[in-house]
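Below you'll find the structure, written out as structure tokens, and then a few comments.
The values are calculated or read from the model by the stated rules, or taken from the named source; none is laboratory data. What you are looking at is a predicted structure, and each value in this text was computed from that prediction instead of being measured. Glycine also receives a Cβ, built like all others from the backbone with ideal geometry; neighbour counts cover every protein chain displayed.
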Amino acid sequence: MRVVLIGAPGSGKGTQALRLAGHYGATHLAAGDRLRAEVASGNELGRRLAGYLSRGDLVPDDLVIELMWRPIVEAAATGGYVLDGFPRTLAQAEAAYAMGTQAGVTAHAAVYLEGDAQALVGRMLRRAGTGGRTDDVESVIRHRLEVFELLTAPLVEHYAGRGMLVRVDAMAEVDAVTAAIEAALEPLRPAAD
Ligand code: ADP
């Protein structure tokens, strides 16, 4: 199974992605984790990325595509993927679709974790500072949400247009969200995976 998760910061993408990957025997690929690992390694790419992450701005499309592409192809060959935080712009989605079509690894479904922006900020503020992330301070959280609305929310229409979108209420209790996603994905599940 190959799934893309879309959701604002605080929507529970990471938690749900991990659970879905377990459920489908797929690989959880988190763009943010990979970018933070580059920053932590202190290499030249990591130094270029650090400022974007701490400001809550998206890193340039070509860098994130470059970083994610090989893991996507590898995961597709071994049980599929659950993409968490990629694609995050229309340009990324279009590039992934074009490359994915060539390689036979396009997603079967996209899940939109819908949540009220104000409630999501509240959720994030409660967890802020506990994970050691430099972008978990209120001003940056608010900015990440704006970036989501502006640049990532249009992906919902992109995937709806491809007939592969499911919408799930992100504000429900965590197990209920997982159950809702799994139920909604069942009709989109490929026969062979
Ligand atoms: P969240 O969804 O909570 O904001 P992530 O861990 O998914 O957290 O992303 C953290 C940061 O990593 C983003 O604010 C952005 O700077 C960068 N990032 C993650 N994924 C992408 C992407 N696909 N394209 C560009 N930047 C990204």
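Structure data summary
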| read-out | value |
| --- | --- |
| Of residues in the stretch 1-59 being of a type in the set (A, V, I, L, M, F, W, C) and within 9 Å of the ligand (Cβ to nearest atom), the one farthest from the chain's Cα centre (by Cα) | L49 |
| Index of the failed condition, R133 passing every other in (1) at pLDDT below 95; (2) over 26 Å from A37 (Cα atoms); (3) basic (K, R) | (2) |
| Options G100, G104, G85: the member that is more than 16 Å from the chain's Cα centre (by Cα), modelled with pLDDT of 95 or more and surrounded by 16 or more Cβ atoms within 10 Å (Cβ to Cβ) | G100 |
| Selection count, the stretch 15-38, where residues are more than 16 Å from V64 (Cβ to Cβ), in contact with a strand residue (DSSP E or B) (Cβ under 6 Å, 6 or more places away or on another chain) and among the small types (G, A, S) | 3 |
| Condition broken by D57, with the remaining ones in (1) crowded, with 16+ Cβ neighbours inside 10 Å; (2) closer than 23 Å to L45 by Cβ; (3) modelled with pLDDT of 95 or more satisfied | (1) |
| Residue list for the stretch 115-143, restricted to those being among the charged types (D, E, K, R), more than 24 Å from M68 (Cα to Cα) and part of a loop (DSSP other than H, G, I, E, B) | D116 |
| Pair list, Cβ < 8 Å and 6+ apart or interchain, from the stretch 2-26 residues that are in contact (Cβ under 8 Å) with a residue 60 or more places away in the chain to residues that are among the acidic types (D, E) and crowded, with 22+ Cβ neighbours inside 10 Å | L5/D84; K13/D84; G14/D84; A17/D84 |
| Some residue of the stretch 180-193 being farther than 28 Å from Y24 by Cβ, of a type in the set (D, E, K, R), more than 16 Å from the chain's Cα centre (by Cα) and modelled with pLDDT under 95 | no |
| Selection count where residues are more than 11 Å from the ligand (Cβ to nearest atom), of a type outside the set (G, A, S) and within 19 Å of the chain's Cα centre (by Cα), scope the stretch 114-128 | 3 |
| In the stretch 66-80, residue surrounded by the most Cβ atoms within 10 Å (Cβ to Cβ) [restricted to those that are within 14 Å of the ligand (Cβ to nearest atom) and not hydrophobic (A, V, I, L, M, F, W, C)] | P71 |
| Contacts under 6 angstrom Cβ, first residue in the stretch 131-154 being β-branched (V, I, T), partner exposed (fewer than 15 other Cβ atoms within 10 Å of the Cβ), 6 or more apart | T134/S54 |
| Count of the stretch 144-173 residues which are assigned to a helix (DSSP H, G or I), of a type outside the set (K, R) and within 16 Å of the ligand (Cβ to nearest atom) | 13 |
